[in-house]
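Undergrad: Before anything else, here's the structure in question.
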Amino acid sequence: MSGAVFLFTLAPVLAQQNPPPPPESTFHSSSNLVLVPVVALKNGLPDRSLKRDDFQVFDNEHPVSITTFDSGAQFSTRPLALWFVVQCSMPDWEKQGSGLFRGQIDRFKPALKDLDKEDSVAVAHWCDDGQSNLDLLPTKNIQEAATTLEQVLAPIVSPDNHERTGELALQKTLQLIIDATRSVTPEPVPVIIFLYGDYSGMPKSEADHFVDELLETSAVAYGLKDRRSPRIHLLGEQGAVAHYIATETGGEYLRVTPDSYATGLSQILQQLHARYELGFKPETLDGKRHKLTVKLSDAAKKQHKGVRLRYRLAYVPVQHADSK
């Protein structure tokens with residue numbers, strides 16, 4: 001099923017000491033330095049008070065030294081490039097896709113005022129008739145982004161079905177975003193925000209392929225789903241693909257109402273701006289999946305009781321061309 005095909009109701013996926021950890025994801029380092037974004041949450045809100053010595057990083061259960069440390073609280077992390085991704089409007093598919101957001105984009109504008117001065121916004125879309133496009137490259141013009149989103153959602157497209165053509169179109173859109181990110185130096189952190197009901201399904205191997213592609217650019221996916229959108233349950237393939245990709249990349253999917261569209265987006269931005277980035281050098285560049293674990297030190301756990309961490313749980317150390 002396409003429209004719902006792909007893309008990140010899911011509570012934040014948190015790696016904790018006692019509860020079972022979220023599913024692993026693969027983070028390919030773009031150099032010999034592996035960067036691990038970490039969100040620290042306490043009572044659902046970001047904790048900005050942690051220091052470098054509060055964290056411990058384990059590669060395949062072996063401790064590694066943290067060689068770089070950046071904190072959003074100090075505005076030292078990389079700027080964000082927010083890609084708002086929607087499925088074009090289709091008759092009788094409003095609740096399953098992005099149609100419920102049509103005519104409602106201005107509701108997000110109050111949250112966009114919280115962007116940092118170096119952050120940018122961009123727009124992309126796909127459709128079940130095969131359309132795929134980057135409609136607006138990263139810009140700091142919030143009004144232009146809002147106008148572009150409404151222009152994309154305004155036409156009504158009537159595809160023959162909601163099957164393979166739409167799946168491939170969404171995959172193409174994601175690839176275009178990945179390619180656009182790699183063309184920028186230095187690379188910002190690409191953040192995909194799906195305004196999408198996510199009534200979707202696709203082969204898990206294809207979903208995993210794009211998880212790997214996104215993580216090679218340090219991308220993280222989030223999503224906002226209108227509560228009126230239906231859920232989907234599938235056998236034999238990955239359902240709710242956007243939710244799946246959000247989980248795998250360290251993001252989350254939020255359920256919102258029109259009155260809380262801005263609140264949901266603000267919650268996402270708060271987490272992103274308060275994130276920590278821990279860097280370490282892997283001992284080997286073997287191209288194999290490594291289990292990644294981030295913990296608080298014993299002293300930090302006593303001082304910051306109730307803090308939980310969310311992060312990618314695996315990475316693949318590879319040799320980058322410019323580091324040979």
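FYI, it's all coordinate maths here, none of it is from the lab. All values derive from a computational prediction rather than experimental measurement. Neighbour counts run over all protein chains shown; Cβ positions are idealised from the backbone, glycine included.
Undergrad: For the charge dipole of the chain, defined by +1 on Lys and Arg C-beta atoms and -1 on Asp and Glu C-beta atoms about the Cα centroid, which residue among A154, S205, I105 has the Cα displaced farthest towards the positive pole?
TA: I105
Undergrad: Tell me, rounded to the nearest percent, the portion of alpha carbon pairs in segment 228-271 spaced more than 15 Å apart.
TA: 55
Undergrad: At 20 °C and 1.002 mPa s, what whole-number value in µm²/s does Stokes-Einstein give for the translational diffusion of the chain, with Rh from the Kirkwood sum over Cα pairs?
TA: D = 108 µm²/s.
Undergrad: Placing unit charges on C-beta atoms (Lys and Arg positive, Asp and Glu negative, everything else neutral), compute the dipole magnitude of the chain about its Cα centre in debye, rounded to 20.
TA: Magnitude of the dipole: close to 1200 debye.
Undergrad: Evaluate the Debye formula for segment 249-321 with equal point scatterers sitting on the alpha carbons, no solvent, and hand back log10 of I(q)/I(0) at q = 0.12, 0.18 Å⁻¹, in q order, two decimals.
TA: Each listed q maps to, in turn, -0.55, -0.94.
Undergrad: Under a plain spin-label model, where a point goes 7 Å from the Cα along Cα-to-Cβ, how far apart in nm are K281 and K301?
TA: If labels sit at K281 and K301, their model points lie 3.0 nm apart.
Undergrad: Please list, by residue number, every one of the GluC sites (Glu not before Pro) in segment 139-228 that is coil in DSSP and has at most 16 other beta-carbon atoms within 10 Å.
TA: Those satisfying the criteria are E163.
Undergrad: Restricting to bridges with both residues inside the chain, how much of the DSSP beta-bridge set is antiparallel, in percent to the nearest 5?
TA: Percent antiparallel among DSSP bridges in the chain is about 55.
Undergrad: Give me the Debye-computed log₁₀ of I(q)/I(0) at q = 0.08 Å⁻¹ for segment 80-273, equal point scatterers on Cα only, no solvent, two decimals.
TA: Computed log10 I(q)/I(0) values: -0.22.
Undergrad: Okay, moving on. Dividing the Cα radius of gyration by the Kirkwood radius, what Rg/Rh value follows for segment 165-266?
TA: Over the Cα atoms of segment 165-266, Rg/Rh equals 0.98.
Undergrad: In addition: Can you give the helix-only mean residue ellipticity at 222 nm for the chain, where every DSSP H stretch with n ≥ 4 adds -39500 (n - 2.57) and the sum goes over all residues, rounded to the nearest 500 deg cm²/dmol?
TA: -7000 deg cm²/dmol
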